[in-house]
Amino acid sequence: MKYGYIVDHETIIDEVLVSYFKKPKSYTTEDMCEINSHGGNVIMRKILELCLKNGAELAEPGEFTKRAFLNGRIDLSQAESVIDIINAKTDREAKEGIKQLEGFLAKEIKEIKNKVLDIMTNIEVSIDYPEYDTPEIMEEELKTKMNVVLKKLEDLEKSFANGKIIKEGIKTAIIGRPNAGKSSLLNAILKEERAIVTEYEGTTRDTIEEFVNINGIPLKLIDTAGIRKTQNEIEKIGIEKSKKIAKEADLIIFIIDSSKDITQEDYEILDTMQPDKTIVILNKIDLGQKIDRNTEKINKFHHVIDMSALKRKGLQELYEKITELFNLNEINVENDIVITNERHKNQIQKAIQNLKKAKESLDKKMPIDIIAISLKDVLMNLGEITGEEASEEIIHEIFARFCLGK
């Protein structure tokens, strides 16, 4: 590391530290240089312009990580983890990104590929030396080894349900009639006055979206327009949007003003809710309750909470209920390998299908080289994850999502 000045002719631009990384001991495995300046847009732009004037070129999005991948320092799954770490919204998501960057997924994929190669070696031996084993012994051995690989692939595929929660969060719609306390609940969870709260109905006419961290998992909260019959065209649009969001949500928080008698509109909304993904909140308990857990149609829901959103009562029970509903305490990013990437999941699903094809061919006593074709497809699917088999188009698409300088 060298201390000195960046100068343009005799004009000092800034006092800096310059670090030189000699290949292959750098991020990209190439010779690299980093300039640490005092910062500030004007100074950094002047230094950049001076570098460009002296022969440097601007990097493309993700170019440094792409070079690290192309030069073999990291595989494609590790490269993708860089952007996951940058975009992480919680500690759990960041930890899972770090694990993938350290190569945990790549190591697991490599082990599975080695097991598939072992099966293919057995097949090659049986083709070249048919007297080596009887067909029955060989068939049983192949089936056993294929089942081991299938179990590993299926475990990875199943982990995506948790991985999706870690990465994307739980899409949560707050639904209810106007003035039931939806915006008060949002404000209570966020601990700030994010939504307008008034005594007048129909204040929220569009959705408000915010992220909040619950037990290390991002909760994407969507406060929706109150659902009721109305002649107001703008409010009608908001209500239709609310219904659409409720259908697409992972979790619905249906909030009812329990200080008033239940209405026909409440009953109609309850009829559309799925009990397994709905938490019913009986709000405004501080004003006295006319509705409780035994009320008709509410009694069919397993997750019901008495609350006063305004007084912040019942919030902890809500967090515990969400944790229970999505088994958040069972998501262990410390020890388990969790798939968080949709592309990886798709390739694993393809590998599972091709492995099942190989097993089916074996059961049907098809020629051994036909089985080998399906197994080669499994290797190709897994190679797409780590990059050995990825097309140039896929690689370009992945790195296009990166920002400059990464």
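The values are calculated or read from the model by the stated rules, or taken from the named source; none is laboratory data. For clarity, every value in this text was computed on a predicted model and none was experimentally measured. Positions of Cβ are generated from backbone atoms using ideal geometry, with glycine treated the same way; all protein chains shown enter the neighbour counts.
Ile83: part of a helix (DSSP H, G or I), over 26 Å from the mean Cα position of the chain (by Cα) and surrounded by 15 or more Cβ atoms within 10 Å (Cβ to Cβ), yes or no?
No.
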Q) What is the one condition in (1) part of a helix (DSSP H, G or I); (2) among the basic types (Lys, Arg); (3) at pLDDT below 90 that Lys311 does not satisfy? A) (1)
Q: Kindly list the number of the only condition in (1) under 17 Å from Glu80 (Cβ atoms); (2) in contact with an Asp or Glu (Cβ under 9 Å, 6 or more places away or on another chain) that fails for Leu379.
A: (1)
Q: Restrict the check to segment 186-198 and report whether at least one residue is surrounded by 15 or more Cβ atoms within 10 Å (Cβ to Cβ), modelled with pLDDT of 65 or more and among the charged types (D, E, K, R).
A: no
Q: List every residue pair whose Cβ atoms sit under 7 Å apart, with the two residues 6 or more apart in sequence or on different chains, where the first one lies in segment 81-93 and is under 12 Å from Phe399 (Cα atoms) and touching a residue at least 12 places away in the same chain (Cβ under 8 Å) and the second, anywhere, is of a type in the set (A, V, I, L, M, F, W, C) and crowded, with 18+ Cβ neighbours inside 10 Å.
A: Ser81/Leu101; Val82/Leu101; Ile83/Phe402
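Going residue by residue through segment 382-393, is there one that turns out to be assigned to a loop (DSSP other than H, G, I, E, B) and polar (S, T, N, Q)?
yes
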Q.
Please pick out the residue among Ile256, Ile245, Ile281, Ile298 that is assigned by TED's automatic domain parsing to the domain that holds Ala188, buried (at least 20 other Cβ atoms within 10 Å of the Cβ) and free of Cβ contacts under 8 Å to residues at least 60 places away in the same chain.
A. Ile298
Q: Hey, can you tell me all the residues within segment 267-284 that are touching a strand residue (DSSP E or B) at 6+ places or on another chain (Cβ under 6 Å) and over 23 Å from Glu324 (Cβ atoms)?
A: Lys284
